[in-house]
Amino acid sequence: MNAAGISTGGGASEEAGAAGAGNEPSPLSSVPGDVPKAAGPARLFFMDNLRYLMVVLVVLYHSVAAYAVVAPHWPLHDTSIFGASIVRELFDVFLMPTLFFLAGYFALTSLKNRGPRKFLEDKVKRLLMPWALGVFVVLPLALYDQPVKPVRPFWRYWLSFLGGFQVHLRPTETAVTVSTQSVYWFVSLLFAFFLALTLGHMLTRRRDGEQPRSELCGSPSGPSVLVTLAAFGLLMSAVYFASLLVVPDPSWCTLSIFLEFQVTRVALYAGCFAFGVYAQRRGWLADGKPLGSIAAWGASSVVLGAAFLLFGRPMFVPASAAAQSVAYLLAFACLRSFLLVSILVVFLSAGVRFWNRASGFDRRLAGTSFDIYLVHLFLVVGLQEALLKWSGGPAAVKIAIVFLTALALSFAVARWILARHARAFTVVILALFTLCLVIRP
């Protein structure tokens, strides 16, 4: 898709992954040659490493969902344990924002190197086309096998599935509906951010003329980094608080078939993407230096994380989240936003300090991370459903089985099927889909 082979080849290329952050063909980073020339001696291997780490944690995040109390929208539920709920709530703070930051960090450089037209053509090829195959073909095939099939035969169901993508707001999380983008919401929203960046860059260039603007490279001083991070945290707190005043926190918005996103989080995602663009322009991390004391930011993350899990309990239940006071919502918005900033700084600083290298293992996971993201959910849910038959099995053991097996299988599919036989895989999926349209009851 990259996965579906519609993307050009080889997200799993080790040689590409060895070239440094953004130098392997993942849609979530840059393109070959996009590492800033003024970046100094450090190579940004850690950006690739952090990206695949976030994807691995996404697999874990979904693996615990069937065993968590705070995932009412999940399609199936097994024995719940407290630790699964903690993972769900804590990981939800930083997983997708970090991925958007990493994508934004290389986006402007890629745009300038390729030019607007080639940049967007590349994003259409590597984001929109896999997204279209996933939403129009793969998801209908997968969801039709669910116990409830209100529309039959398959061709009628498919038309109903596409027709279900209307402009609407879901005020609370519900079980999987007839029409959903599932994990593919991230792909379409990321493309929307790339498109907005391209349009903004074109308008700015036209306004300022064709003369190149000087980049703000160089490592800023410690206080300026701290002030900028504080300002970013306050801005994120403000927009998140404003959104909480309008809609409940679990609300999802669907804009026809094109976009699907959690309303209160979209500004956080856009902010992290834009902050990644800003950080690259300022030369942050390119000199190989962390953004501050890792120990101090780590301690801050622990304290804020504990406060978030304790203070934020009412927000983890949709029924009580909608009944909170304005003062509580403001405090929760600030707590969540600054926890995000703190964890993001820890990952970036620890990454550039201790993980700015690429072993063969790192390159292989980095090269397949996008495809792992695209295929893992079907494996996770299938394994969770199979383990329902093990009624006496400990939830922690089931989580370990689901996570490790889904991750291994996703990696295998990405590396040995999608990377090597992508076009054949696409043909098989489309042939299966066509056959279902014709003969499936």
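The values are calculated or read from the model by the stated rules, or taken from the named source; none is laboratory data. These numbers come from a predicted model, not from an experiment. Virtual Cβ from ideal backbone geometry, glycine too; neighbours counted across all protein chains shown. Only protein heavy atoms, including side chains, enter the accessible area calculation; ligands, DNA and RNA are left aside. Shrake-Rupley method; radii C 1.70, N 1.55, O 1.52, S 1.80 Å.
In the set (1) part of a helix (DSSP H, G or I); (2) open to solvent by 30 Å² or more (accessible area, probe 1.4 Å), residue 99 fails one condition alone, (2).
Within the set 335, 377, the sole residue that is open to solvent by less than 50 Å² (accessible area, probe 1.4 Å), closer than 25 Å to residue 69 by Cα and in contact (Cβ under 8 Å) with a residue 60 or more places away in the chain turns out to be 377. Of all residues in region 141-172, those being touching a residue at least 60 places away in the same chain (Cβ under 8 Å) and either open to solvent by less than 20 Å² (accessible area, probe 1.4 Å) or acidic (Asp, Glu) (or both) number 3. The single condition among (1) modelled with pLDDT of 95 or more; (2) within 19 Å of residue 255 (Cβ to Cβ) that residue 120 does not meet is (2).
Here residue 92 meets the list (1) among the charged types (D, E, K, R); (2) farther than 30 Å from residue 308 by Cβ; (3) surrounded by fewer than 22 Cβ atoms within 10 Å (Cβ to Cβ) almost entirely, failing just condition (2). Applying the set (1) in a loop (DSSP other than H, G, I, E, B); (2) open to solvent by less than 10 Å² (accessible area, probe 1.4 Å) to residue 342 leaves exactly one unmet item: (1).
The sole residue among 55, 64 that is open to solvent by less than 10 Å² (accessible area, probe 1.4 Å), within 12 Å of the chain's Cα centre (by Cα) and touching a residue at least 60 places away in the same chain (Cβ under 8 Å) is 55.
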